[in-house]
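Okay, structure first, notes after.
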Amino acid sequence: MYKIFKITSNSTIDFAAEELKKYLRMMMPRCGEVPISYAPDADSYFRIGLMSDFGLDTSDAEDLELDDIVYIDTDEKGGIIAGSNPGATLIAVYRYLRFCGCRWLFPGIDGEWVPVIEGLPAVNYRKLADHRYRGQCNESAEYQPNMIETIDFSPKIGMNSYMIEFDNPYYYYNTYYQHLHSTCRKPEPVTPETILQWKRQCEVEMQKRGLHFHDMGHGWTAEPFGLDSTLGWDPSAELVVNPEIKDMLAMIDGERKVRKNAPLVSNVCMSNPKARDIMAKYIADYAEKQNNVDFLHIWLADESNCHCECPECQKKDTSDWYIMLLNDIDAEFDKRNLNTRLVFIVYLDTFWAPVQEKLNGTNRFTMLYAPITRTYNETYAKDPDMSALKPYIRNNIQKPRGMSECLAYLYDWKKMWKGDCFCYEYHFLGQQFSDFSHSYMPRLVYDDIRALKKHGLNGIIEDGSQRSYFPTGLQFYVYGETLFDSSVDYDELVEDYFSHAFGENWKLVKDYLDTIAELTDRKFAAGQMSVDPEKGKFYCPEYAVRAAQLKEHARKFKDTVEENRHQPRRASCVSWQLMGVHADWIMGMADIFKAKAIGDNLEAIKAIDRIKKKMSEIEIYFERNYDHYFFGRGIDNYAEGMREQFANALREADIV
């Protein structure tokens, strides 16, 4: 008989105890009831609590609230499972279960691999997580059941943070429920009121798991001035600007107005002290009401080269005005005794470090480094090239591309900022659809994470799809596990994932994907291999041969899938099903590649529409793993804007 005693009273500890009980009973279906009770003086069976409850050393943590230490000391009857904070204790439970053989391959019950065991192993393990910030941010097309599943999934692979962008993330939800890029699913109406309720539900689920809640980001240049940013980047046909705030809007080309009629991409006149005061007070009001937020992100409008050009704003660089705004916010928070942590961002125009201004106080601030314009052809292992720094030219910036150049701007900021810093990254923002073998990006993620400390970066929050598990969850698995323990061996991670996902014949899948890697090239997918740009950026006849080989390779693998799809474990069964869909997807992509490589754009568009139609029809069966919106948005790049040219031919072929 097993018992679980909670040494401390905390809602996350309560949940950790329930999770331990659930998986113990799943692993040992005949073990009987596992009672849970609160017993601070317990000295036998399973004891769950904070490391401080057991008098354990936590001196290697700089901040016990933010730094996660997991501690496990158990035998066949139970023992101590503890963490430096409640969230770390939950992670410790999942680490213990991992030692018992459990794996979480992708979100949802279908992604769980739970063994059946005769008894419990002895485990002695202690680990300070290698990075403080380990999480993801909502993006793309999202639906609520999947959001709840990804929150639940996060601590299971060692993550401790979750971010929800925007006061009301209606734009992302509506993108899903409108079923954009689907050829068969009809739009489903959702309202901003519903989405706000769903955001609150997500927050409660995060809190239950002790996840650090990162909130907001863009929107502060809109909402404080009565401008609704709910529509995101889409223009508003009903936008009404209060005359009282018109002088506070950014002046561009001599005119003060909301840029593109989309408040989210429109800035304000940062030299106007009244505008900054309105923002500071509004942000403080928000923090008072949303007192469950751990990190409140203060970002500007989400577009470059759109800052105020009035004579006063011209006197300082954008980042200098940004620092002045942050100082105003800091002062307002001090006045109200608010302890919410604030995050400022190095992003687009604020990639350039301030020249004149400095933060007055640094205790509440953390810096977020967001190299959105980097390419994914190289990693953070690069050294910064300080000679690549370009001067800041208002509304005419030259965005850095290579990693060495991007890192130079980080190092320039660090001359002013000596505090904590982490990354906002985009490894899952559609990048996975250019990695046809699903082997390039997992390795790049691993190498990126292993190089973070070299640059004083203390983790990552990923801006990307919550459905980045097609054809496998390897990339996210590598992401979570490596952020938690950067000493993990990459090849061991790959084998661990594949052997659990696909069972005894996992090497057949690995070999299949390795061959795809040999036959495909991300540079072709990005239009960087053309031998005659005048014939198109994808023109490369040699690649047509490879495309034919790719299609035949995927066709043959369908037989392998059929032979292996009946697996004893649900997670493996679903994983093989996904590989079958992936083989169909690869065949469709091969048709596109073959046509584009020889410049047959009409046939390419036909192939694009065939694969989009096929994936639309089956999307609902595996949408928790596959983001059809991201795929549909990216696949049209191969049409190169030529649909109108071939409109009649497509109509005759019953394509459009």
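The values are calculated or read from the model by the stated rules, or taken from the named source; none is laboratory data. Since we're looking at a predicted model, the values are computed, not measured. Glycine also receives a Cβ, built like all others from the backbone with ideal geometry; neighbour counts cover every protein chain displayed.
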query = Does LYS606 satisfy the criteria of being within 21 Å of TYR512 (Cβ to Cβ) and without any contact (Cβ under 8 Å) to a residue 60 or more places away in the chain?
reply = no
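Would you say ARG209 is out of contact with any strand residue (DSSP E or B) (no Cβ under 8 Å at 6 or more places or on another chain) and within 30 Å of GLY83 (Cα to Cα)?
Working: out of contact with any strand residue (DSSP E or B) (no Cβ under 8 Å at 6 or more places or on another chain): yes; within 30 Å of GLY83 (Cα to Cα): yes.
For ARG209, the condition - out of contact with any strand residue (DSSP E or B) (no Cβ under 8 Å at 6 or more places or on another chain) and within 30 Å of GLY83 (Cα to Cα) - is met.
Which is basic (Lys, Arg), more than 27 Å from the chain's Cα centre (by Cα), crowded, with 16+ Cβ neighbours inside 10 Å and part of a helix (DSSP H, G or I), of ARG546, ARG555? Full working, then the answer.
Values: ARG555 fails: crowded, with 16+ Cβ neighbours inside 10 Å.
Going through ARG546, ARG555 in turn, the sole match is ARG546.
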task = Those residues that are within 16 Å of the chain's Cα centre (by Cα) and assigned to a strand (DSSP E or B), I need them from the stretch 103-143; list them, please.
result = TYR133, ARG134, GLY135, GLN136, CYS137
task = Give the stretch 395-427 a look and list any residue that's part of a loop (DSSP other than H, G, I, E, B) and touching a helix residue (DSSP H, G or I) at 6+ places or on another chain (Cβ under 7 Å), or say none.
result = ILE397, PRO400, HIS427
request  = Among residues belonging to the stretch 163-217 that are charged (D, E, K, R) and within 28 Å of ILE635 (Cα to Cα), point out the one that is surrounded by the fewest Cβ atoms within 10 Å (Cβ to Cβ).
outcome  = LYS186
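Name the one entry in ILE372, ILE345 that is of a type outside the set (Phe, Trp, Tyr), crowded, with 18+ Cβ neighbours inside 10 Å and touching a residue at least 24 places away in the same chain (Cβ under 8 Å).
Values: ILE372 fails: crowded, with 18+ Cβ neighbours inside 10 Å.
Of ILE372, ILE345, the one residue that is of a type outside the set (Phe, Trp, Tyr), crowded, with 18+ Cβ neighbours inside 10 Å and touching a residue at least 24 places away in the same chain (Cβ under 8 Å) is ILE345.
Are any residues in the stretch 290-307 closer than 19 Å to ILE372 by Cα, aliphatic (A, V, I, L, M) and in a loop (DSSP other than H, G, I, E, B), and if so, which ones? Let's see the steps before the verdict.
Quick first cut of the stretch 290-307, residues closer than 19 Å to ILE372 by Cα only: 297-307.
After this cut, where a residue has to be aliphatic (A, V, I, L, M) as well, the list is 298, 300-301.
Answer for the stretch 290-307, where residues must be closer than 19 Å to ILE372 by Cα, aliphatic (A, V, I, L, M) and in a loop (DSSP other than H, G, I, E, B): LEU300, ALA301.
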key: Criterion: modelled with pLDDT of 95 or more and either surrounded by fewer than 19 Cβ atoms within 10 Å (Cβ to Cβ) or closer than 17 Å to GLU18 by Cβ (or both) - qualifying residue of ASP41, ASP57, ASP130   = ASP57
request  = Starting from residues that are among the hydrophobic types (A, V, I, L, M, F, W, C) and either closer than 19 Å to PHE630 by Cβ or assigned to a helix (DSSP H, G or I) (or both), keep the ones in the stretch 165-200 and report whichever is farthest from the chain's Cα centre (by Cα).
outcome  = CYS184
ask   = When you scan the stretch 495-526, how many residues do you find that are free of Cβ contacts under 8 Å to residues at least 24 places away in the same chain and not in a helix (DSSP H, G or I)?
value = 1
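Out of the residues in the stretch 386-395 meeting the condition of being loosely packed, with under 15 Cβ neighbours inside 10 Å and of a type in the set (A, V, I, L, M), tell me which one is nearest to ARG259 (Cα to Cα).
Of all residues in the stretch 386-395, those loosely packed, with under 15 Cβ neighbours inside 10 Å come to 386-387, 390-391, 393.
Filter again for of a type in the set (A, V, I, L, M), leaving 386, 393.
Details: MET386: 33, ILE393: 19 Å.
Only one residue tops the list, namely ILE393.
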note = All-but-one check, ASN261 against (1) out of contact with any helix residue (DSSP H, G or I) (no Cβ under 6 Å at 6 or more places or on another chain); (2) buried (at least 16 other Cβ atoms within 10 Å of the Cβ); (3) on the phi < 0 side of the Ramachandran plot, failing number (3)
request  = Return the total of residues in the stretch 430-485 being in a loop (DSSP other than H, G, I, E, B) and either of a type in the set (Asp, Glu) or in the same structural domain as GLN577 (by TED's automatic domain parsing) (or both).
outcome  = 2
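Which residue out of PHE433, PHE422, PHE428 is surrounded by 18 or more Cβ atoms within 10 Å (Cβ to Cβ), more than 30 Å from GLY632 (Cα to Cα) and not charged (D, E, K, R)? It would help to see each step written out before you state the result.
Working: PHE433 fails: more than 30 Å from GLY632 (Cα to Cα); PHE428 fails: more than 30 Å from GLY632 (Cα to Cα).
The conditions single out PHE422.
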query = Within the bounds of the stretch 611-633, is there any residue that is at pLDDT 95 or above, surrounded by 17 or more Cβ atoms within 10 Å (Cβ to Cβ), assigned to a helix (DSSP H, G or I) and of a type in the set (Asp, Glu)?
reply = yes
Cross-chain or 6+ apart pairs with Cβ under 7 Å, the stretch 405-431 first and of a type in the set (Lys, Arg), then assigned to a loop (DSSP other than H, G, I, E, B) = LYS414/GLY456; LYS415/ALA353
inquiry  = Could you list, ordered by first residue, the pairs with Cβ atoms under 6 Å in which the first is in the stretch 284-304 and within 29 Å of ASN261 (Cβ to Cβ) and the second is in a strand (DSSP E or B) and aromatic (Phe, Trp, Tyr), at least 6 apart or interchain?
reply    = ILE298/PHE344
task = Identify, by number, the condition in (1) hydroxyl-bearing (Ser, Thr, Tyr); (2) crowded, with 22+ Cβ neighbours inside 10 Å; (3) free of Cβ contacts under 8 Å to residues at least 60 places away in the same chain that TYR638 doesn't meet.
result = (3)
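Okay, residues lined up against (1) within 29 Å of the chain's Cα centre (by Cα); (2) farther than 16 Å from LYS415 by Cα; (3) of a type in the set (D, E, K, R); (4) surrounded by 14 or more Cβ atoms within 10 Å (Cβ to Cβ):
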| position | (1), (2), (3), (4) |
| --- | --- |
| ASP328 | no, yes, yes, yes |
| ASP349 | yes, yes, yes, yes |
| GLU378 | yes, yes, yes, yes |
| PRO384 | yes, no, no, yes |
